[in-house]
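Colleague: Here it is, the structure in full.
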Amino acid sequence: MRYYSALTLLLFASCAKIVSPSGGPVDDKAPEVVTVLPEPGFVDSIPREVTITFSEKISASEDIVQLYPDLDGEVTINGKEVSVHTGAGEGVVMITLSSSLEDLRGNRIGNPETFVWNSIPEDSFATVSIIVLRDGGGSVTSSARCDFFLLPDTVSPRITHYPDTLSAINAGWLPTGEYRVVCYEDIDQGRSWDPEREPGTEESVVLASGEEVHLSMTMTIIDSIGPRISQVDVVDGWHLEVLWNEQVNVNSAIERSQTVAITGPDSLPVTVFGVKASAGRSSTGRMTVYTEELSDTLYTVVVQGIEDLAGNPSLADTLEFWGSDSLPVTPLAVQSAFPADGGVEVTSSGPFMISFTDWVDEYALDSLYTVRRVSDSTLVAGVLSRTSATAFSFVPDRELLGERQYRIDLLPGLVSLQGDSIPGQSWTFTPAWSDLPGNISGTISGTGASLVTMVVSPAGSGGEVLSEVFAPGEYSFEEIFGGRYTVSVFVDWNQDNIWNPGEPYGAWPGVVEVFPGIETENIDIQVVP
């Protein structure tokens, strides 16, 4: 008997066990609009109450339902229904459902929907179509919106529209006038654009009755805050690295080196020779500071006016650091040079570049860096200038001769901050002929003909054969590209532009070098029978 009772209890316990049901489809279907009452369209009078019914219960706050115009309107969401008290009378009323509206499972409707009731003909209004883009690519997020402000009101949007899944907006039923259109990603759901934290953009547009305007608007962050120091790292006794919270402008950092200052514990200034910001896309800017020798003690770095990539200058900022008297690990050396040794078809106008692994004195380099034509050791005049703390450019005063070998010499004697020196080095290169034309001039004599033909032919290199007709006497043949040429003159009796036996002829002995942008004078030619 006891055994039967225990078994019975065991069976009852087994039958009463509660388990979760298994199987069944997963709800991944977005809610759909089933009915809109009264139906949208042209009506005699604007409905004061509108009910939108969905296929299932929805989860949303009332502020994602936009009502236009907002005249004492009220939105209520209850289960499957969105009830709207329009507060409108005549004209037009629009109800827009944001794409953020979703069911209880989190399935969103995907594209925003707009319903319109109007008692005024449609051609009394204007339409704006917008393609919303994101700077740098990527998809426009579901928080994106476009607010339309009918000026002079710049505080309360006349209406708000939301991009669909194709990032498009079709804003119809807009009264005529001037609008400020602001498209942005409302990340903080504040329903106003924060340009420094939220991608966005704005445009102004004037709308006339029946007009349709098409816009393409690219959203981006408008940065108006300057960079700030985040850290100072001591590399050695002559180099610091200042880290910023964002990338800083390389050129600005160079031009404004006086805005980086260092003081010691006695408040005496430390010489800052220059700064160089590391280029590249990075969330942290890195700036190298080149100084006189530091000691193992406490210093303060002071910066002001350093610009970020958007041109925003930094405010005055200071940071203390402990100096070091250690020696640099990297010795002074040439890091790069252009043209490279043996380079051909090099641009004849420059600039020619050289950079070093460390800061060097510009005046010292100016006396040690030379460019010469190899054939006759002619020194090329030009200007050497600093392009960064460690790099320089040389621009010749006039364009070099093509197909002639030139040599760049870096003479010994250049020293780094800590006293390292480098030996002399040389590079040879051959420029291309310049596109800048020159001309030749002189006197044509020896003939009584009224006209003669001059032919200028390339000598030893490709190029176009040029000819021109002159009267005997002084001449100037212009628009000849730099190069080496033969020059001849003849009386063209049969006017075929070709010298024929028996026609009086003369030529310049040897080759004429035409220099880019320069007149080659005294090319005198005598024509003989």
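Colleague: Count the DSSP beta bridges whose two residues both fall in the stretch 33-118, then state the antiparallel fraction as a percent rounded to the nearest 5.
Modeller: Antiparallel bridges make up about 95 percent of those DSSP assigns within the stretch 33-118.
Colleague: Here's another thing I want to ask about it. Starting from the Kirkwood radius over alpha-carbon pairs of the stretch 78-215, derive D by Stokes-Einstein at 37 °C in a medium of 0.692 mPa s and give it in µm² s⁻¹.
Modeller: The estimated diffusion coefficient comes to 204 µm²/s.
Colleague: Say each of ASN497 and ILE221 gets a label point 7 Å from the Cα, pointing the same way as Cα to Cβ; how far apart are those two points in nm?
Modeller: Rounded to a tenth, the inter-label distance reads 6.3 nm.
Colleague: Next up: With a 10 Å Cβ neighbour count serving as the proxy for reagent exposure, in which order, fewest first, do HIS161, HIS239, HIS85 appear?
Modeller: So the ranking, lowest neighbour count to highest, is HIS85, HIS239, HIS161.
Colleague: ASP420 to GLU212: extension gain in nm, 0.36 nm per residue of separation minus the Cα-Cα distance?
Modeller: Result: 67.8 nm gained on full extension.
Colleague: Something else: Quick query: amide H of SER349 versus all other amide H atoms, modeled in the peptide plane; which residues come in under 5 Å with a sequence gap of 5 or more or a different chain?
Modeller: Sorted by chain and number, the residues that satisfy this are LEU400.
Colleague: I'd like the antiparallel share, as a percent to the nearest 5, of DSSP beta bridges with both residues in the chain.
Modeller: Expressed as a percentage, antiparallel bridges in the chain total about 90.
Colleague: Something else about it: If you average the alpha carbon positions of the stretch 43-96 and of the stretch 284-357, how far apart do those two centres end up, in angstrom?
Modeller: 62
Colleague: So which chymotrypsin sites (Phe, Trp or Tyr not before Pro) in the stretch 345-420 pass both tests, a DSSP loop state and at most 10 other Cβ atoms within 10 Å of the Cβ?
Modeller: Here no chymotrypsin sites (Phe, Trp or Tyr not before Pro) fit, given the DSSP loop and packing criteria.
Colleague: Quickly rank 436-449, 476-489, 184-197 as a protection proxy: mean count of other C-beta atoms within 10 Å, highest first.
Modeller: Descending mean neighbour count gives 476-489, 436-449, 184-197.
Colleague: Based solely on its DSSP helices, what 222 nm [θ] is calculated for the chain when runs of n ≥ 4 H residues each add -39,500 (n - 2.57) and the sum is averaged over all residues, nearest 500 deg cm²/dmol?
Modeller: Rounded to the nearest 500, it is -1500 deg cm²/dmol.
Colleague: Contact order normalised by length for the chain, with contacts defined as Cα pairs under 8 Å and 6 or more residues apart; what percent is it?
Modeller: 8
Colleague: Run the quick spin-label model on LEU298 and ARG373: label points 7 Å from Cα toward the beta carbon, then report their separation in nm to one decimal.
Modeller: Computed distance between label sites LEU298 and ARG373 equals 6.4 nm.
Colleague: Among LYS80, LYS276, what is the fewest-to-most ranking by other Cβ atoms within 10 Å?
Modeller: LYS80, LYS276
Colleague: Provide the percentage of antiparallel DSSP beta bridges, counting only those with both residues in the stretch 334-431; round to the nearest 5.
Modeller: Of all bridge pairs located within the stretch 334-431, approximately 90 percent are antiparallel.
Colleague: Where the convex hull is taken over the Cα atoms of the chain, what is its projected area averaged over directions, in nm²?
Modeller: Spelled out: convex hull of the Cα atoms, projected over all directions, averaged, 53.7 nm².
Colleague: Now for a separate question. Please report, for the Cα atoms of the stretch 33-118, the Rg to one decimal and the Dmax as a whole number; what are they, in angstrom?
Modeller: 12.4, 40
Colleague: Ok, one more. Report the Cα-based extents of the stretch 437-526 along its three principal axes, largest first, to the nearest Å.
Modeller: Projected onto the principal axes, the Cα atoms of the stretch 437-526 cover 33, 25, 20 Å.
Colleague: If you don't mind, another one. Report, in degrees rounded to the nearest 10, the 0 to 90 angle that the Cα long axis of helix 2-15 makes with the longest principal axis of the chain.
Modeller: Helix 2-15 sits roughly 50 degrees off the main axis of the chain.
Colleague: Put +1 on the Cβ of every Lys and Arg and -1 on every Asp and Glu Cβ in the chain; which of ALA432, PRO31, SER230 then has its Cα farthest towards the positive end of the dipole?
Modeller: PRO31
Colleague: Let me ask another. Between the stretch 470-491 and the stretch 144-200, how far is it from one alpha carbon centroid to the other, in angstrom?
Modeller: 69
Colleague: Another question, then. Could you pull out which residues in the stretch 283-310 have an amide N less than 13 Å from a spot 7 Å beyond the Cα of LEU319, following the Cα-Cβ vector?
Modeller: 284-289, 300-304
Colleague: Grab the other residues whose beta carbon is less than 11 angstrom from that of VAL205, score K and R as +1, D and E as -1, and report the net.
Modeller: Counting the neighbours of VAL205, the net charge comes to -3.
Colleague: Rule-of-thumb check for the stretch 211-366: C-alpha Rg over 2.2 N^0.38 Å?
Modeller: In units of the 2.2 N^0.38 Å rule of thumb, it is 1.31.
Colleague: Suppose R0 equals 60 Å; then what is the FRET efficiency for LEU166 and ALA340 from their Cβ-Cβ distance, rounded to the nearest 0.05?
Modeller: Result of the calculation: an efficiency of 0.75.
Colleague: How big is the charge dipole of the stretch 334-431 about its Cα centre, in debye rounded to the nearest 20, if each Lys and Arg gets +1 on its Cβ and each Asp and Glu gets -1 on its Cβ?
Modeller: 180
Each reported figure results from applying straightforward, stated rules to the coordinates on display, with no laboratory input. In this text the structure is predicted, and so the values were computed from the model without any measurement. Glycine gets a Cβ as well: all are built from the backbone with ideal geometry, and neighbour counts include every protein chain shown.
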